[in-house]
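Only one structure is covered here, and it is reproduced in the block below.
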Amino acid sequence: SSETFWTTTGMFPQEFIIGFPKCVKISKVAIQCYLVRTLRIERSVSKDPVDFEQCLEKDLQHTEGQLQMEEFPLPDFQATYLRFIIKSAFDHFVSVHRVMAEGT
């Protein structure tokens, strides 16, 4: 829902994990967020959310008053869990409004 979002508690890094029912093939991940400066995405192919490996890390552009919309193509990428780590921000609090993963 575009009316709901996850917000940080004010200190960094902050993280959240998204789990899939089984290991899936992902071709693209997209995120809509606000005031995120540095974002890292990690994956795990384990049955439990352990043994994460870094997939990408990116500094996002500051968009005053607008959501940041970032897409990350991930060719030949498999994951059971995705961990999103917000390493730094443009303010004390940030929000994540939507995360989308495309694939099979």
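The values are calculated or read from the model by the stated rules, or taken from the named source; none is laboratory data. All figures in this text were calculated on a predicted structure; none of them were measured in a lab. Note that we place each Cβ from the backbone using ideal geometry, even for glycine, and neighbour counts take in every protein chain shown. These accessible areas exclude ligands, DNA and RNA; they are computed on the full protein's heavy atoms, side chains included. Shrake-Rupley method; radii C 1.70, N 1.55, O 1.52, S 1.80 Å.
Summary of computed values
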read-out: Test: residue in region 2-11 that is in contact with a Ser or Thr (Cβ under 8 Å, 6 or more places away or on another chain), at pLDDT 95 or above and either open to solvent by less than 90 Å² (accessible area, probe 1.4 Å) or not in a loop (DSSP other than H, G, I, E, B) (or both); value: no
read-out: Failed item, numbered, when Val50 is tested on (1) at pLDDT below 95; (2) outside any strand (DSSP E or B); (3) aliphatic (A, V, I, L, M); value: (1)
read-out: The listed residue being under 16 Å from Gln78 (Cβ atoms), in a strand (DSSP E or B) and touching a residue at least 60 places away in the same chain (Cβ under 8 Å), out of Ile18, Ile31, Ile41; value: Ile18
read-out: Of all residues in region 22-71 being exposed (fewer than 15 other Cβ atoms within 10 Å of the Cβ) and at positive phi, the one that is farthest from the chain's Cα centre (by Cα); value: Gly65
read-out: All positions within region 82-97 that are part of a loop (DSSP other than H, G, I, E, B) and either in contact with a Phe, Trp or Tyr (Cβ under 8 Å, 6 or more places away or on another chain) or of a type in the set (A, V, I, L, M, F, W, C) (or both); value: Phe90, Phe93, Val94
read-out: Where a residue in region 1-14 is within 21 Å of Ile85 (Cβ to Cβ) and its partner, wherever it lies, is modelled with pLDDT of 90 or more and of a type outside the set (A, V, I, L, M, F, W, C), with Cβ under 6 Å and at least six apart; value: Phe5/Ser95; Phe5/His97; Thr7/Ser95; Thr8/Gln14; Gly10/His92; Phe12/Ser88; Pro13/Lys87
read-out: Of all residues in region 72-104 being over 15 Å from Val36 (Cβ atoms) and β-branched (Val, Ile, Thr), the one that is surrounded by the fewest Cβ atoms within 10 Å (Cβ to Cβ); value: Thr104
